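A short write-up of the structure that comes next.
The values are calculated or read from the model by the stated rules, or taken from the named source; none is laboratory data. Just so you know, these numbers come straight off a predicted model, no measurement behind them. Quick reminder, even Gly has a Cβ in these numbers, built from the backbone with ideal geometry, and neighbours come from all protein chains shown.
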Amino acid sequence: RIGTAALAVQVVGSNWPKPHYTLLVTGLCRFQILQLLKEKPYPVAEVEQLDRLEQFTNQHKSEEELGELSEQFYKYAVQLVEMLDMSVPAVAKLRRLLDNLPREALPDILTSIIRTSNQEKLQILDAVRLEERFKMTIPLLVRQIEGLKLLQKTRKPKQDDDKRVVAIRPNRRISHIPSTTEDDDEEEDHDDVVMLEKKIRTSSMSEQALKVCLKEIKRLKKMPQSMPEYALTRNYLELMVELPWSKSTKDRLEIRAARILLDNDHYAMEKLKKRVLEYLAVRQLKNNLKGPILCFVGPPGVGKTSVGRSIAKTLGREFHRIALGGVCDQSDIRGHRRTYVGSMPGRIINGLKTVGVNNPVFLLDEVDKLGKSLQGDPAAALLEVLDPEQNHSFTDHYLNVAFDLSQVLFIATANTTATIPPALLDRMEIIQVPGYTQEEKIEIAHRHLIPKQLEQHGLTPQQIQIPQVTTLDIITRYTREAGVRSLDRKLGAICRAVAVKVAEGQHKETKPDRAEVGEGEDCKEHVTEDAKTESISDTADLALPPEMPILIDFHALKDILGPPMYEAEVSERLSQPGVAIGLAWTPLGGEIMFVEASRMDGEGQLTLTGQLGDVMKESAHLAISWLRSNAKRYQLTNASGSFDLLDNTDIHLHFPAGAVTKDGPSAGVTIVTCLASLFSGRLVCSDVAMTGEITLRGLVLPVGGIKDKVLAAHRAGLKRIIIPQRNEKDLEEIAVNVRQDLTFVMASCLDEVLNAAFDGGFAVKPRVERLTSKL
Ligand code: ADP
C-alpha cells in the first residue's frame, strides 16, 4: 500500500503499429494509502506523505545517524558512475548529481539505473526508512560494480563501446534517469523482442536473410522504443518472419478434373480453355514452371480474371490478384527503400505475405494500363519479376534481400496489347479472349450469372423467374458490350427489386391484423408489374404476399431498369446519301461506326472531324484520290456535274462519337463507300457493314479484330458484312449460329465492295463509245 507520487512531465508515443506510450514523470515522494475513495474510472485515495517531510529540519540528525552508511553508499556510487563512459552526456550529468543532490535522494536514483529486476527496484521504493534503503541498495551497487569489472577484463580492446553499452542497456532510456517509471509494458516489449528473435532463428528464411535479420534484431535491442526507427525495424522483422520463405502448398493437378472444373465454371471460350489445359498438362508432365507467362487479352467482363481464379483452383493453389491499372511508380512493384518514412514492400512481396505460401497464382490484372512517371518505369520492374531466369532472386527494395519467386505462377490480363511495353509483351504468350455472341451471353446468364445473383440476394428460383426472352431483351436493349459485366449488373438490379418485394411479402405475412383480402384479379396484375414502386404502394393495402415465382417479363423489366437504352437506329440513319456503316475494334470489343460525308461549295478542301489519328486521315485522303481517279468510270460527279470531284467543292467527313479517339487503317473501305454514295446520290444498303484497308490502286487489304467486329455487327442487327478476302480464315472462329444469320462478302478490290454495298450493285457504267467521223 505504498506508492510514489509523481508529476507527469511528458507523454510521447503513438497508436501505431500498436498502442505504445512513454510517460516521463518526476518523482516527488513516497506515500501511503489511508483510504481508498473510489476505484473507477481511476482509483482515488486519501494518502499520507511518507518521506521528504522533514528533510530540512532533520537533515542534521539523519546525516549524523546514517553518516557512515551514507558515506559508504556515496563511495560505491561514485565508483560505479566513474566506471561508465564519461563522454556520454547523461553519465557526466549523473556524476554531477551525485555531488549536488542530498544523500537521501541517491538510493532511488541509482537504483533506477543499475541493472536489476523490477522486483528489486520496487523493494527499494517500498522501503520507507532511509537506513533500510541504503542498506538494501549497497549490495546492488556492489553487484553491478563487480559485473562491470568482469566485463572490462574480458573485453579489454573494445572497452569504450562496452562502457557505452553497459551504460545504456540497463535502462534503455538513460536520459530519463532521475525519474522514469518502469512498468510491465517494457518488460513485455522486451519479451516480444526476444520472441521475435526466437521466431527469426526458427524460421526457414534464406541464409542471407537470416544474417540481415539477426543484425537488425541486435540493433533493435539497443534502440529506445520511442525512436521512430524502432517501429520501422520491428515491422521489417515481423514481415521477414511472416514471409513464406519455404512454405508452399502441394500441387494437385489432374487434367481431367481441371477440364471439368473449367467447363463448369465457364461457358464457351473454347480456345482459351483449350490453351489453358495445354498449359496445365505441360506443367503436370514437366514439373518446373519455366514456361511462358500466359496473358489473356480481351474486352472487359469476358471472364479473364475468373479463368485465372479457376486455374488456381484446379492447381489447388492460393490465388492473389494484383491490380496494375494506373501504377506508375516502380516502387509499387519493387517496394520503397527502408530509409523513407512510411516505406513498405512492393505489391509482389505484400501479396506473398497475404497468401502465406511461396507458390500462389498471381494474377497481374490490367498490365496494359501500367503508367510511367518520374519515379521510374514499373514495366521494367515487372520484367525482372516475370523473367524465369531472374526471378529466383527477386530483390524487393524494402526487404533488401533476395526472395525466390520462381515457384509463383504468373498470369496477366489486358484489354489490348497495343499499350503493353514491347519488352514485357515479349515475355508473355498472348491468348485472345473475344467477346460473346448473344446466344452465348444468354447461356452464361442462365448457367452462371443468374444463379450467382440469386444466391447473393438470398433469393431462390421459387421466388423469381427470368425467362430467356427477358435475358435477350436485357442483352439487346439495356446493354451494349462485348463481355457480360453490365448484364450481370442489370441482373443484380432485378434481383434487388425482387428482394424488396419478397421481403415485403414476408413482412406482411407476419402481420396478421393487416393481412386481408384483395381481389384475385388485382393480384395477378400485380405479379407482372411486380417491381413498379407505385404499384407496390398502390397494392400495399392488398396485403397479400406476391404470387411466387415473380416472373420478370418485359413490363417488369421496364419498371425496374427504366426505358430501353439502346434501340436499333441503323435503318433510320441511312436514309440519305453520304452515310455508311464501318466496323471498328476498340479495347472494349467491336463496335459499329457511322461515317458521314457532305459536300458544299468551296475550293477543294477536305475537312475531317471526330478525333482521328494520322492513319485514319491518310485513309481518307487515299479514298478521295482513288475516287477522283475513278470518277469517270463510276459516273461520279460533283454538284455542277463535273468529273473533277473537288472542283469548286469542299468535302466534310465526320466520324461520330467525336470524344473517342479513332485510328487505324480499317475504315478505308467505309470512307470510299460513303463518298461514292455522296457523289452518286445513291443510298448505301442500310443493313451492310464493312471493314478493310485500301490501297491507291483500289485493292482491299486484310485487317485485325474480325471476330469482335462481326459480333458487333450481329448485335446491331446488320445482315451483310463486307470483309477483305484475306480475312476469310478469321470467320472460322465465329460461332455457326452467328455466321448463319449473316451474309459475308469477301472483297479483294474496291469494285467488289461498292457492288455489295449498294442495292443492285455499283456497276461500272459501260462507256458508250460514240464513233465520230473525222471526215
Ligand atoms: P474480366 O477480367 O475479363 O474483365 P471477369 O473475369 O471479372 O472479367 O468477369 C466478369 C464476370 O463475368 C465474372 O463474374 C465471371 O464469372 C463472369 N463470366 C464471364 N465470362 C464467363 C463465362 N464464359 N462463363 C461464366 N461466367 C463468366
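General observations
- Across the stretch 605-625, the number of residues qualifying as assigned to a helix (DSSP H, G or I) and among the hydrophobic types (A, V, I, L, M, F, W, C) comes to 6.
- Which listed residue is within 48 Å of the chain's Cα centre (by Cα) and in contact (Cβ under 8 Å) with a residue 60 or more places away in the chain, from 742, 754, 718: 718
- Residue tally, condition out of contact with any helix residue (DSSP H, G or I) (no Cβ under 8 Å at 6 or more places or on another chain), surrounded by fewer than 12 Cβ atoms within 10 Å (Cβ to Cβ) and in contact (Cβ under 8 Å) with a residue 60 or more places away in the chain, over the stretch 242-266: 1
- Residue in the stretch 30-43 that is modelled with pLDDT under 85, in contact with a strand residue (DSSP E or B) (Cβ under 9 Å, 6 or more places away or on another chain), more than 30 Å from residue 230 (Cβ to Cβ) and surrounded by 13 or more Cβ atoms within 10 Å (Cβ to Cβ) present: no
- Of the residues making up the stretch 652-665, at least one is at pLDDT 90 or above, over 30 Å from residue 416 (Cα atoms) and not in a loop (DSSP other than H, G, I, E, B).
- Residues that are among the aromatic types (Phe, Trp, Tyr) and either in contact with a His (Cβ under 8 Å, 6 or more places away or on another chain) or free of Cβ contacts under 8 Å to residues at least 40 places away in the same chain (or both) occur at least once in the stretch 394-403.
- Check on residue 496, at pLDDT 85 or above, part of a helix (DSSP H, G or I), surrounded by fewer than 22 Cβ atoms within 10 Å (Cβ to Cβ) and within 16 Å of the ligand (Cβ to nearest atom): no
- Tallying residues that are surrounded by 15 or more Cβ atoms within 10 Å (Cβ to Cβ) and within 19 Å of residue 51 (Cβ to Cβ) within the stretch 78-119 yields 11.
- Residues located in the stretch 356-383, provided they are closer than 29 Å to residue 246 by Cβ and among the charged types (D, E, K, R): 365
- Against the list (1) within 16 Å of the ligand (Cβ to nearest atom); (2) touching a residue at least 60 places away in the same chain (Cβ under 8 Å), the condition residue 429 fails is (1).
- Test set (1) touching a helix residue (DSSP H, G or I) at 6+ places or on another chain (Cβ under 7 Å); (2) touching a residue at least 40 places away in the same chain (Cβ under 8 Å); (3) more than 19 Å from residue 310 (Cα to Cα) - residue 347 fails condition number: (2)
- All positions within the stretch 444-470 that are surrounded by 20 or more Cβ atoms within 10 Å (Cβ to Cβ) and within 14 Å of the ligand (Cβ to nearest atom): 444, 445, 449, 450, 453
- Within the stretch 89-102, residues that are in contact (Cβ under 8 Å) with a residue 12 or more places away in the chain have Cβ atoms under 8 Å from residues that are among the small types (Gly, Ala, Ser) in these pairs: 90/167; 90/175; 91/167; 98/77, counting only partners at least 6 apart in sequence or on another chain.
- Restricting 447, 480 to those that are more than 24 Å from the chain's Cα centre (by Cα) and modelled with pLDDT under 85 reduces the list to 480.
- Residues being part of a helix (DSSP H, G or I) and either of a type outside the set (S, T, N, Q) or assigned by the TED database to the domain that holds residue 29 (or both) - total across the stretch 75-130: 35
- Scanning the stretch 124-137 for residues that are surrounded by 18 or more Cβ atoms within 10 Å (Cβ to Cβ) and farther than 17 Å from residue 2 by Cβ gives a single hit, 134.
- The residues listed here are 437, 413; of these, the one that is within 16 Å of the ligand (Cβ to nearest atom), out of contact with any Ser or Thr (no Cβ under 9 Å at 6 or more places or on another chain) and farther than 22 Å from residue 204 by Cβ is 437.
- Filter pass, residue 382 being outside the structural domain of residue 215 (by the TED database), in contact with a strand residue (DSSP E or B) (Cβ under 8 Å, 6 or more places away or on another chain) and under 26 Å from residue 262 (Cα atoms): no
- Residues in the stretch 138-164 that are surrounded by 14 or more Cβ atoms within 10 Å (Cβ to Cβ) and modelled with pLDDT under 75: 162, 163, 164.
To keep it simple, each residue is scored yes or no on (1) touching a Lys or Arg at 6+ places or on another chain (Cβ under 6 Å); (2) within 16 Å of the ligand (Cβ to nearest atom); (3) within 30 Å of residue 196 (Cα to Cα).
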{"residue": "237", "(1), (2), (3)": "no, no, yes"}
{"residue": "241", "(1), (2), (3)": "yes, no, yes"}
{"residue": "257", "(1), (2), (3)": "no, no, no"}
{"residue": "272", "(1), (2), (3)": "no, yes, no"}
{"residue": "279", "(1), (2), (3)": "no, no, no"}
